[in-house]
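S.K.: Below is one structure. I have some questions about it.
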Amino acid sequence: MWFILLRAQLPPVEPLHIPVKLLIRSYRNRLVDYANLVGGAKPIPDCLQRLGYLEDDSPRWFECSYEQLRCPRSEERTELQFPIFPWPF
């Protein structure tokens, strides 16, 4: 499911073979413990790798931060932010 959602928003690219930083921000009505937040987001880097945005999800190539914020159920969503995004669009 994540691949379909990400593919709809992010065009495939050729990897630049550089380390990438990512912030995954989860807006949810009911907050979860940190282990579930991180574990539930595991498919995201895998999908980003398939799309070419990550060389690999190993520590050499990928660093990720996770945040969660409370919001009304109707506004629940997950946002991805590349603090330093190397691809010009």
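S.K.: Quick one: count up the residues across segment 2-16 that are touching a residue at least 40 places away in the same chain (Cβ under 8 Å) and under 26 Å from residue 71 (Cβ atoms).
M.R.: 5
S.K.: Quick check on this structure: which one of 33, 57 is free of Cβ contacts under 8 Å to residues at least 12 places away in the same chain and charged (D, E, K, R)?
M.R.: Just a single option satisfies the conditions, and that option is 33.
S.K.: Moving to a separate point now. Could you tell me whether residue 19 is in contact (Cβ under 8 Å) with a residue 24 or more places away in the chain, out of contact with any strand residue (DSSP E or B) (no Cβ under 9 Å at 6 or more places or on another chain) and under 16 Å from residue 82 (Cα atoms)?
M.R.: It is false that residue 19 is in contact (Cβ under 8 Å) with a residue 24 or more places away in the chain, out of contact with any strand residue (DSSP E or B) (no Cβ under 9 Å at 6 or more places or on another chain) and under 16 Å from residue 82 (Cα atoms).
S.K.: Another one. Do we have residue 76 as touching a residue at least 24 places away in the same chain (Cβ under 8 Å) and touching a His at 6+ places or on another chain (Cβ under 7 Å) here? Working first, answer last.
M.R.: Numbers: touching a residue at least 24 places away in the same chain (Cβ under 8 Å): yes; touching a His at 6+ places or on another chain (Cβ under 7 Å): no.
Against the criterion (touching a residue at least 24 places away in the same chain (Cβ under 8 Å) and touching a His at 6+ places or on another chain (Cβ under 7 Å)), residue 76 does not qualify.
Any read-out appearing in this document is the output of simple, stated calculations on the displayed coordinates, not a laboratory observation. What you see is a predicted model, and the numbers here were worked out from it, not measured in a lab. Glycine also receives a Cβ, built like all others from the backbone with ideal geometry; neighbour counts cover every protein chain displayed.
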